[in-house]
Amino acid sequence: MKKILNIFANTVVAGISERLEGDMRIAKGADLELTQTNRKRFFEKSELLGFETAAALLEHGEKALFVHNPGIYEADGLVTDNPKLLLTVTVADCMPIFLLDSRQSVIALAHAGRLGLQKGIIQETLRLMFSRSGSRPENIICYFGPFICESHHPTNLKEEATKQLQSQGVASEQIFDANLCTYELPEDFFSYRRDRPKVPEAQVAFMGLLQ
Ligand SMILES: [Zn+2]
């Protein structure tokens, strides 16, 4: 699935796991032993072992953190300028939003569902890029990974996210979309709305700076 992020070319490594790689969800009450095993196998296969991982423990909120070290962070958005650190968030219908400012060598990865968008996860993530790294909105490239489309969800996540990015100064020409709906691709992705599982399962989106 790395192909979805060709837009970032040689600046970052980024992508998302597929369903066959197994559940990657890190959450309170999740089977962490299983997901850590799945993650390790997937990252090995994807040749990402040179990275240490900063994983978001999702809260469906607006909290974003600037991180330098590996670990599990209670937040929905992670920002870093550390090229040894792989940012990860898990998704199963919500949007994984990849952000890059190649001039300041800073990246961010956010988990954005209906609630997070309402609360301001995009603004908070961008605010950190602006304030901590001196990013300017016109230098940011944004990419939406696979999420549930408006035909299969009452909220048009893409429209809402795009509107919010634009209100922060990120122009539509800087915003790209994988155009992949998790609901429509049962062989490729978990979809919470489609599968209605007792225990949620999720793919992992990842992003790391290349030196
Ligand atoms: Zn759809």
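The values are calculated or read from the model by the stated rules, or taken from the named source; none is laboratory data. Note that this is a predicted model, so its numbers are computed, not measured. As a convention, Cβ positions derive from the backbone with ideal geometry for all residues, glycine included, and neighbour counts pool all protein chains shown.
Annotations
- Test: residue in region 60-81 that is among the acidic types (Asp, Glu), buried (at least 23 other Cβ atoms within 10 Å of the Cβ) and either within 16 Å of the ligand (Cβ to nearest atom) or modelled with pLDDT of 95 or more (or both): yes
- Close pairs from region 104-117: first within 27 Å of residue 152 (Cβ to Cβ), partner of a type in the set (D, E, K, R) and crowded, with 23+ Cβ neighbours inside 10 Å, Cβ under 6 Å, at least 6 apart: 111/76; 116/76
- Residue match in region 100-122 (condition: part of a helix (DSSP H, G or I), within 16 Å of the ligand (Cβ to nearest atom) and of a type in the set (Lys, Arg)): yes
- Scanning region 21-36 for residues that are surrounded by fewer than 13 Cβ atoms within 10 Å (Cβ to Cβ) and without any contact (Cβ under 8 Å) to a residue 12 or more places away in the chain yields 29, 33.
- Restricting region 150-205 to residues that are within 14 Å of the ligand (Cβ to nearest atom), among the small types (Gly, Ala, Ser) and modelled with pLDDT of 95 or more, the residue that is surrounded by the most Cβ atoms within 10 Å (Cβ to Cβ): 191
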